[in-house]
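> One structure follows; several queries about it will come next.
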Amino acid sequence: MQTVRMYVDPISPFVWLATKQVARIEAAGVQVEMVPVLFAAMLNKHGLVGPAEVPAKRVLTFRDVMRQADAQGLAFVGPPGHPFNPLPMLRMATAIDGRVERIAFVTAVMAACWEQGQDAQDFGVLARVARDCGLDGEALVAAASSPEVKAELARATEQAIADGVFGVPSLVYQDELFWGADRIDSLLRRVAGHRIDEARLQAFLGRAPLASRQPR
């Protein structure tokens, strides 16, 4: 069965919205594989700043999240503070080997954080969420501190960057990237066999720029 890789970091509320679409994606005949990655490392690598770091964009980002949540019948509460440290959750998720179990944990953490206002950087909260998913929460907390898990998260993040991923949620199907929770329909059209004209895209991208923005 074909796989859709979904790159996730709990720091993004759009990852929360994307987790609500997993069943819909898999209903198209593909499997979702969640890949924890550190969004901050992507920003640093690409020389970008996060939406929450631009005051005007921060307001619009969370306004848009609330609009999309309302359209899906979801209650937005948000974490105790934002941004927060996503590493505890990312490392615990990395330590989960099972595909279905990892999806369940990530989805439950996102709901706890963004719908219930819980602290996604608190190992106590994360252990309880893990237990509620039928996992060994204490073992995952311990694993999150292991050099092996830390290295695997770093490796997965670097590989994602090398593959052209620059934000979360990103979904990759047959090496084609779909960025954002609002691109699920585009992804599903691609899974159904609809493709853009790659030759035309490359021809356009090969055109020389006619102007450039000068730094002030």
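> If the requirement is being closer than 18 Å to L17 by Cβ and of a type in the set (A, V, I, L, M), which of these qualifies: A208, A120? Please lay out each step first, then the result.
On the way: A208 fails: closer than 18 Å to L17 by Cβ.
Among A208, A120, only A120 is closer than 18 Å to L17 by Cβ and of a type in the set (A, V, I, L, M).
> I'd like to verify a number: residues in the stretch 106-134 that are more than 17 Å from L74 (Cβ to Cβ) and touching a helix residue (DSSP H, G or I) at 6+ places or on another chain (Cβ under 6 Å), how many? If you could, list the steps in order and put the result at the bottom.
Taking the stretch 106-134 as the starting set, the residues that turn out to be more than 17 Å from L74 (Cβ to Cβ) are 119, 121-134.
Now restrict to residues that are touching a helix residue (DSSP H, G or I) at 6+ places or on another chain (Cβ under 6 Å): 119, 121, 123, 126-127, 129-131, 133.
Residues meeting the conditions: 9.
> Something else about it: Can you spot a residue in the stretch 143-158 that is surrounded by 15 or more Cβ atoms within 10 Å (Cβ to Cβ) and in a loop (DSSP other than H, G, I, E, B)? It would help to see each step written out before you state the result.
At the first step, the residues of the stretch 143-158 found to be surrounded by 15 or more Cβ atoms within 10 Å (Cβ to Cβ) are 143-144, 149-150, 152-153, 156-158.
From what's left, in a loop (DSSP other than H, G, I, E, B): none.
No, there is no match, as no residue in the stretch 143-158 is surrounded by 15 or more Cβ atoms within 10 Å (Cβ to Cβ) and in a loop (DSSP other than H, G, I, E, B).
> Being modelled with pLDDT under 95 and farther than 20 Å from T61 by Cβ is the requirement here; does M34 meet it? Spell out the reasoning first.
Values: modelled with pLDDT under 95: no; farther than 20 Å from T61 by Cβ: yes.
Judged against the criteria, M34 is not a match.
> Continuing with this model, one more query. Go through (1) under 18 Å from the mean Cα position of the chain (by Cα); (2) within 30 Å of R63 (Cβ to Cβ) and name the single condition A154 misses.
Only one criterion is unmet by A154, namely (2).
> Another question, if that's okay. Among the residues that make up the stretch 5-13, is at least one of them more than 14 Å from L153 (Cα to Cα), of a type in the set (K, R) and exposed (fewer than 15 other Cβ atoms within 10 Å of the Cβ)?
No: the stretch 5-13 contains no residue that is more than 14 Å from L153 (Cα to Cα), of a type in the set (K, R) and exposed (fewer than 15 other Cβ atoms within 10 Å of the Cβ).
> Kindly evaluate P215 against the criterion of being modelled with pLDDT under 95, over 21 Å from E26 (Cβ atoms), out of contact with any Ser or Thr (no Cβ under 6 Å at 6 or more places or on another chain) and surrounded by fewer than 16 Cβ atoms within 10 Å (Cβ to Cβ). Break it down stepwise before answering.
Values: modelled with pLDDT under 95: yes; over 21 Å from E26 (Cβ atoms): yes; out of contact with any Ser or Thr (no Cβ under 6 Å at 6 or more places or on another chain): yes; surrounded by fewer than 16 Cβ atoms within 10 Å (Cβ to Cβ): yes.
Answer is yes for this residue.
> Also, quick follow-up: Which condition number in (1) among the aliphatic types (A, V, I, L, M); (2) more than 23 Å from T3 (Cβ to Cβ); (3) surrounded by 15 or more Cβ atoms within 10 Å (Cβ to Cβ) is the one that A95 fails?
So the condition that A95 fails would be (2).
The values are calculated or read from the model by the stated rules, or taken from the named source; none is laboratory data. Note that the coordinates shown come from a computational prediction; the quantities given were computed from them, not determined experimentally. Glycine gets a Cβ as well: all are built from the backbone with ideal geometry, and neighbour counts include every protein chain shown.
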